[in-house]
1. So which of ILE49, ILE72 ends up being assigned to a helix (DSSP H, G or I) and at pLDDT 90 or above?
2. Right, LYS131: surrounded by 10 or more Cβ atoms within 10 Å (Cβ to Cβ) and modelled with pLDDT of 85 or more or not?
3. Could you check how many residues of segment 117-132 are touching a helix residue (DSSP H, G or I) at 6+ places or on another chain (Cβ under 9 Å) and charged (D, E, K, R)?
Amino acid sequence: MEAKERIHTIGKTERPDFSAEAEAIKARTERDMGKVAMFVSILSVILLIAFYFGLNQNVTGLTEEVKQVSVIQEQVSGMQGRMGEMEARVQAMESLPAKAKKMVMSTMIMEMAQRAAYLSTQVDTEEQAAKLTQAMDLLQQVQTDLIKE
């Protein structure tokens, strides 16, 4: 096997004809570039579809979150109503010590009236019994005044 060398002498104007070979390479290249262009266009369509569905899911998720925010706003407004109710209850509780004091005083007055009634049955004279009955009536009037307040 001998290696062939291409030797060109300087000054000779003869050139080998590469045009047929160049045309064949050019045709193959054009055909290959058509395949590349088709591959790139299919790939771009696939990417567009993927981006579309990705964005669609993001918008759907965002819509769900907005719905949840509206539900939370309704819950907050319900909580504000409950807070108003609780404030009213707290104000009622603030007046509770005064009510409790009146109840204790009313009970003590009732006890005093009952003792006066018992004593009016135990005294010796009618005059003392009348005074105790009058005291009992006065105590009962004070008790009813306390309850009305």
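The values are calculated or read from the model by the stated rules, or taken from the named source; none is laboratory data. It should be emphasised that the depicted structure is a prediction, and the values quoted were computed from it without experimental measurement. So basically every Cβ, Gly included, is an ideal-geometry build from the backbone, and we count neighbours across all protein chains shown.
1. Values: ILE72 fails: at pLDDT 90 or above.
So the residue among ILE49, ILE72 that is assigned to a helix (DSSP H, G or I) and at pLDDT 90 or above is ILE49.
2. On the way: surrounded by 10 or more Cβ atoms within 10 Å (Cβ to Cβ): yes; modelled with pLDDT of 85 or more: yes.
Considered against the rule, which asks whether it is surrounded by 10 or more Cβ atoms within 10 Å (Cβ to Cβ) and modelled with pLDDT of 85 or more, LYS131 comes out as yes.
3. Here the count works out to 1.
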